[in-house]
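See below for the structure under consideration.
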Amino acid sequence: MTMEQTKTTSAKPAKKVAHLTPEERSLRGKEARARVPRAAHAAFEPSPSRPDPVSLLERQAVTRVPELVPIRYGRMLVSPFTFFRGAALIMASDLATTPHSGLTVQICGDAHLSNFGLFASPERAMMFDVNDFDETLPGPWEWDLKRLAASVVIAGRDQSFSKKDCAAAARAVGTSYRKEMRRLAESGNLEVWYSKVDIEAIIAGISARAATGTSKEKSRRDQQMAAKAQSIVTKSRTKDSLQALAKLTTVVDGQRRIISDPPLVVPLAELLEEQEADAFFESLHQLVRSYRRTLQSDRRHLLEGFELVDVARKVVGVGSVGTRAWILLFEGRDGDDPLFLQAKEAEASVLEEFVGKSKYANHGERVVTGQHLMQAASDIFLGWQRVEGLDGVSRDFYLRQLRDWKGSFDIEGALPQGLTIYSGVCAQALARAHARSGDRIAIASYLGNGSTFDDALVEFAQTYADQNERDYGALKDAVADGRVRAESGL
C-alpha cells in the first residue's frame, strides 16, 4: 500500500451500518407502539404559547422578494386549502408538539394533496409521486402523513363535501399507507427500490369497476373519474419544453425571448438596468457552469450542448411565492430545439428548528438529495448550486426542467369518491417514498393490521382542519387591519 493510499483510507473511517434481522426490526415497531400508542395520534390541542400564525408567515417574508410577498398572501387567501398550502411552517410548529413513534425517515415536510403529481421518468415512462421537496429533511414519518390527511379534509370542506365524505377520504390516507407499508415490509430491498405507483393501472381499475358495477349511478361516476384522470395523463404528455417554447416565448429581432407577463413573469432585461442585467446574466452563466458539475457525467455532457439565451423571474406556487425563482431558456441544435430549466431558491427547511439542521451546507443539495432518496425516478437535470446576487448575498438554488410531462389532478373539481381514491393513491406513493429511507418493517409493525391508527388519523385531520380555518381567519383579519398587504387575482 502506498503512502497516498494510507492517507486516504485512514482519513475518515467508513460509517458502520447496523443490520438488524426482520424480527429485531419488527420488535422496534412494537416497542415504539408501547411508548406511543397509536390512538395517541388523534390528539391535537394548541398550547397557550402557540405562536401567532401570521407572525410565522411574516418571519418567512423577511428573506423574500418584498414586492412579491403580497402575492403570496393573496394566493393564500383564496380558500382555507390555499392557505394550508402556504402554511408549512405553521403546521411544522404544531406537529412538533404532537406525539411520534421515534421512527424517522426522509420526509417531504410539505406532503399535502397538491404536492403529488405526474412527471416523466428518464426512460420516458409516466410517473406519479411526491413532487415537492423544498422542506425535505429526516424526521418523523407521522408528520408527512398527518399533513396529507389534514389537507384531504380541508380540500373536501372547500368542496362542501359532507363530514362523512371528508372522513372517508382521510381514512383512505391511513388505510392505504398502512397496507402499502405492510406490503413493502414483506418485500426485498431491491423490490422496494424499484417500486412505483402505476397510475395507468389505477385508472384501468376504475374503468373496469365502472363496466362491472351494479349501480348505474356509481358506474357513471366511475366512468367520469376514469375519463377525467386519463385526460389529465394524456395532456401531461404534451407538457414539455416545446410546449413551453410556444407558450412562454416570442421571436424578437430573430431571437427567442421570454414573454413578459408582470409581475408573474418578468424578463431580466425589465428587472435591471442594461449594465446590471448583463452582469447578472453572466453570473447566471457561472451558475449554470458550476451547477453542471453536480450532474451525472452523461447528463452534464448533454447539457453542455445547450446555450443559455434568455432568463426571466417567475412567480411559482403558493408557499414559495417571494423566494427567488428563475426560468432559463436554452437552445440546442437551433431555435426549435429548446430546453427550459427552473432555478429555484432553496432556503432552510421549515422543519430545521424542530428536527435539527440539515447536514448539507447547501440547501439546494439538501433538496436534491432528499428528492433522489424519496422519488422512484427524478429529473435528469436535477442539480444544485450557490450563487452571489447583485446585492452581494449568496443564495442556494436547485435546478430542474421547467416542464417534463408535469401534470396534476384537479382536486377542486373532484367528486367525493374521486377524492377518496386520489387520497389513497397519494398515501401509497408516500409509503413507498418513506420505505426507501426508513425502517419499513418497524413502521409496519408499529401500524399493525387493525384500524386503530387510521381512526386516530381521521380525528387528527378533522381537528387540524378546524385549526387551519382559524388560522386562515387570522390572516384575513391581518389583511383587513392593514397589518399585511395582499394582492389577489395573481
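A Förster radius of 45 Å, combined with the Cβ-Cβ distance separating Arg50 from Phe281, puts the computed FRET efficiency at roughly 0.50. Measuring nothing but how far apart in sequence close Cα pairs (under 8 Å, 6+ apart) lie, relative to its length, the chain scores a relative contact order of 31 percent. Amide hydrogen proximity for Phe116: with H placed 1.01 Å from N in the peptide plane, the residues at 5 or more positions away or on another chain lying under 5 Å are Asn131. For Lys163, the aspartates and glutamates whose Cα comes closer than 13 Å to its Cα, not counting residues fewer than 8 places off in the same chain, are Glu459, Asp466.
Tell me which of Ser121, Ser160, Leu77 sits at the most positive position along the dipole axis of region 29-164, charges placed on C-beta atoms (Lys, Arg +1; Asp, Glu -1). With unit charges placed on the Cβ atoms, the residue in question is Ser160.
Annotation: peptides 244-257, 139-152, 79-92, 302-315, ranked by per-residue average of other Cβ atoms within 10 Å with the highest first, follow the order 139-152, 79-92, 302-315, 244-257.
Pairs of lysine residues in region 340-490 that meet both criteria, 8 or more places apart or on different chains and Cα atoms under 29 Å apart, total 4.
Sequence-ordered 3J(HN,Hα) estimates for region 150-164 from the Karplus curve with 6.51, -1.76 and 1.60 and θ = phi - 60° stand at 4, 5, 5, 5, 5, 5, x, 5, 4, 8, 6, 6, 5, 4, 5 Hz, glycine and proline given as x. Oblate is the label for region 22-159. Its Cα gyration tensor axes, ordered a ≥ b ≥ c, give a/c of at least 1.5 and b/c at or above a/b. Distant-in-sequence amide contacts of Asp310, defined by a placed amide H-H separation under 5 Å and a gap of 5 or more residues or a different chain, comprise Leu329.
Take the Cβ atoms of Val78 and Asp466, set R0 to 22 Å, and the FRET efficiency comes out at 0.70.
What does the highest-first list of 171-179, 260-268 look like by mean Cβ count within 10 Å?
Top of the packing list down: 171-179, 260-268.
Simple spin-label estimate for Val251 and Val316 gives 2.9 nm between the two label positions (7 Å along the Cα-to-Cβ direction from each Cα). Estimated at 0.36 nm per residue, the fully extended path between Asp198 and Ala361 surpasses their Cα-Cα distance by 55.1 nm. So if I take the centroid of the Cα atoms in region 215-262 and the same for region 474-490, what is the distance between those two points in Å? Taking the Cα centre of each part, region 215-262 and region 474-490 sit 32 Å apart. Think of each Lys and Arg Cβ as +1 and each Asp and Glu Cβ as -1; about the Cα centre, that makes the dipole of the chain roughly 1700 debye. A simple spin-label model places the labels of Leu302 and Ser408 2.5 nm from each other, with each point 7 Å out along Cα-to-Cβ. Would you please classify the overall shape of the chain from the alpha carbon gyration tensor, given that a ≥ b ≥ c denote the square roots of the eigenvalues, rounded means a/c under 1.5, and beyond that prolate means a/b larger than b/c while oblate covers the rest? Rounded.
Net length available on complete extension from Thr63 to Leu490 is 151.6 nm, with 0.36 nm assigned per residue and the Cα-Cα distance removed. Rounded, prolate or oblate: pick one for region 273-325, where a ≥ b ≥ c are the square roots of the eigenvalues of its C-alpha gyration tensor, a/c under 1.5 means rounded, and failing that, prolate if a/b is larger than b/c, else oblate. Since a/c reaches 1.5 but b/c is at least a/b, the shape of region 273-325 is classed as oblate. A Förster distance of 22 Å, applied to the separation of the beta-carbon atoms of Asp158 and Lys235, puts the FRET efficiency at 0.40. Backbone phi angles across region 365-380, fed through the Karplus curve with coefficients 6.51, -1.76 and 1.60 (θ = phi - 60°), yield HN-Hα couplings of 5, 4, 4, 5, 5, x, 5, 4, 6, 8, 7, 5, 7, 10, 3, 5 Hz in residue order; Gly and Pro are listed as x. You can think of it this way: the chain between Leu264 and Ser187 has 23.1 nm of extra reach, that is 0.36 nm per residue less the Cα-Cα gap.
Adding -39500 (n - 2.57) for every DSSP H run of four residues or longer, then dividing by how many residues the chain holds, sets the calculated 222 nm ellipticity at -16000 deg cm²/dmol. Which stretch or stretches of region 42-59 have amide N atoms under 15 Å from the point lying 7 Å from Arg483's Cα along the Cα→Cβ direction? Backbone N within reach: 50-59.
Here the 3J(HN,Hα) profile of region 280-285, calculated from phi with Karplus coefficients 6.51, -1.76 and 1.60 at θ = phi - 60°, is 5, 4, 5, 5, 5, 4 Hz, Gly and Pro shown as x. Net charge in the neighbourhood of Arg470 (other residues with Cβ under 14 Å of its Cβ; Lys, Arg +1, Asp, Glu -1) is -4. Under 5 Å from the amide H of Val197 lie the amide H atoms of Phe128, each residue being 5 or more positions distant or on a separate chain, with H modelled from the backbone and absent for Pro and chain starts.
In this Cβ point-charge picture (+1 for Lys and Arg, -1 for Asp and Glu), region 128-279 has a dipole of about 1580 debye about its Cα centre.
Packing-based ranking of 93-104, 277-288 yields 93-104, 277-288, ordered from highest to lowest mean Cβ neighbour count within 10 Å. The alpha-carbon of Lys30 sits under 24 angstrom from the alpha-carbons of these lysines, leaving out residues fewer than 8 places away in its chain: Lys146, Lys179. Ordering Lys406, Lys344 by the number of other Cβ atoms within 10 Å of each residue's own Cβ, fewest first, gives Lys406, Lys344.
Since every read-out is calculated from the coordinates, none of them should be taken as a lab result. All values reported here derive from a predicted model rather than from experimental measurement. Every residue, glycine among them, receives a Cβ derived from its backbone with ideal geometry; neighbour counts consider all protein chains shown.
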